[in-house]
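Take a look at the structure set out below.
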Amino acid sequence: SAARTRTRWRGAGATADGQPVKLLANVGSATDAATATEAGAEGSGLFRTEFCFLDAATEPTESAQHEAYAAVLRPFAGKPVVVRTLDAGADKPLPFLDTAAEANPALGVRGLRIAFERPGVLDRQLAAIVSAAAETGAEISVMAPMVATPAEAAWFAERARAAGAGRVGIMVETPAAALCAEELLAEVDFASIGTNDLAQYTCAADRMTGALAALNDPWQPALLRLIDSLGRAAGAHGKPVGVCGEAAADPLLAGVLAGLGVTSLSMTSAGLAAVGSSLAEHSLPDWRRAAGAAAAAPDPAGARERANAALAS
Ligand code: PEP
Ligand code: MG
């Protein structure tokens, strides 16, 4: 009930035994940022910067970018914000990047792959992010989308650190990144799992194709097992791993993700209260049991059932 949600969640996410799980909001505009802080978000785990420039016909100048980022960062003064560098591609075109049409856009030159071809665009963006953070007092990290190899992570981390970003991370959206998590995490300070893309690449099912929705279910055991192995690698390295895909907003799955080793959850602001309430209902050891049971299931329905059964026993 709403009353229970209000009493259980006071703005700092934690399991019933007091293990913190940061509850963060996904944002793409100053309006989103204001909504997030009003909803009690502890910060933002995903600022989709490409949303600021969907109509830009030419590359925004560094100062125009600074203004756009500062407007989103300002409500988060003193709070953490993970700023994602431009995530565009033929499936998510930014006019000023002139992305070529591709037969398979989801598998094409997108995300960080565009930056390899146009490093100046990345460097100007990083400079604008770092200066906007200094002006607003938001505690930013930067992260790259669509990383597949340790060499890519190292390339991004070097440029981000050269630009003055204190904390650098990568999104885990490809099975390759999840499988090579040890080597990837050695290059950066944290990882954030983009379950929307990781689900579509794990089951090779286009996330935009409604007929394939069952394969894109974030309860697919294959996805949970990849996240499990990533959570173990992160734990071994002592590096935090978050989730910033839609999966984080499912109250039961949120606890399962915490049980798999995820230490922050970033979602639409509207999902925060229900997730905060659900997390607080069980201890971390209980969520771990639920997670183990779910990952061992044969299919998504079985994973949900087993998680519920583990929590009820
Ligand atoms: C994701 O892939 O889960 C993600 C958060 O990024 P986007 O939805 O912007 O692709
Ligand atoms: Mg993505």
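Every read-out reported here was derived from the displayed coordinates using simple, explicitly stated rules and does not represent laboratory data. Here the structure is a predicted model, which means the values were calculated and not measured. Here the Cβ is made from the backbone with ideal geometry for all residues, glycine too, and neighbour counts use every protein chain on show.
In region 209-313, one over the average inverse separation of all distinct C-alpha pairs is 13.7 Å, which is the Kirkwood hydrodynamic radius. Would you give the gap between the C-alpha center of region 163-207 and the C-alpha center of region 128-147, rounded to a whole Å? The two parts, judged by their Cα centres, are 18 Å apart. Checking every one of the GluC sites (Glu not before Pro) in region 1-105 against DSSP loop status and a limit of 14 other Cβ atoms within 10 Å picks out 102.
Simple point charges give the picture: +1 on the Cβ of Lys and Arg, -1 on the Cβ of Asp and Glu, and for region 110-160 a dipole about the Cα centre of about 220 debye. Excluding same-chain neighbours fewer than eight residues apart, the lysines reachable from residue 79 by a Cα-Cα span under 26 Å are 22, 239. Compared with the rule-of-thumb size 2.2 N^0.38 Å for a compact globular protein, region 135-198 has a Cα radius of gyration ratio of 1.09. Of the residues 265, 86, 99, the one whose Cα sits farthest toward the positive end of the charge dipole of the chain, with +1 on the Cβ of Lys and Arg and -1 on the Cβ of Asp and Glu, is 265. Here the dipole of the chain is about 880 debye; that uses its Cα centre as origin and unit charges on the Cβ of Lys and Arg (positive) and Asp and Glu (negative). Using the Cβ-Cβ distance between residue 135 and residue 209 with R0 set to 45 Å, the FRET efficiency works out to roughly 0.60. Between helix 150-162 and the chain there is an angle of about 60 degrees, using the helix long axis and the longest principal axis of the Cα atoms. If the Kirkwood radius is taken over C-alpha pairs of region 1-105, then at 25 °C and 0.890 mPa s the Stokes-Einstein diffusion coefficient equals 156 µm²/s.
Each 10 Å bin from zero holds the following percent of Cα-Cα pairs in region 71-152: 17, 42, 30, 10, 0. Computed over the Cα atoms of the chain, the ratio of the radius of gyration to the Kirkwood radius (Rg/Rh) comes to 0.96.
Using a ≥ b ≥ c from the Cα gyration tensor of region 114-252 (square roots of the eigenvalues), is it rounded, prolate or oblate, where a/c under 1.5 gives rounded and otherwise the larger of a/b and b/c decides, a/b for prolate? Note, shape of region 114-252 comes out prolate.
Run through the DSSP bridge list for the chain and note the antiparallel percent, rounded to the nearest 5. So the antiparallel bridges in the chain amount to around 5 percent. When both region 255-313 and region 16-93 are represented by their alpha-carbon centers, they are found 26 Å apart. Ranked by the mean number of other Cβ atoms within 10 Å per residue, highest first, peptides 287-293, 149-155 order as 287-293, 149-155.
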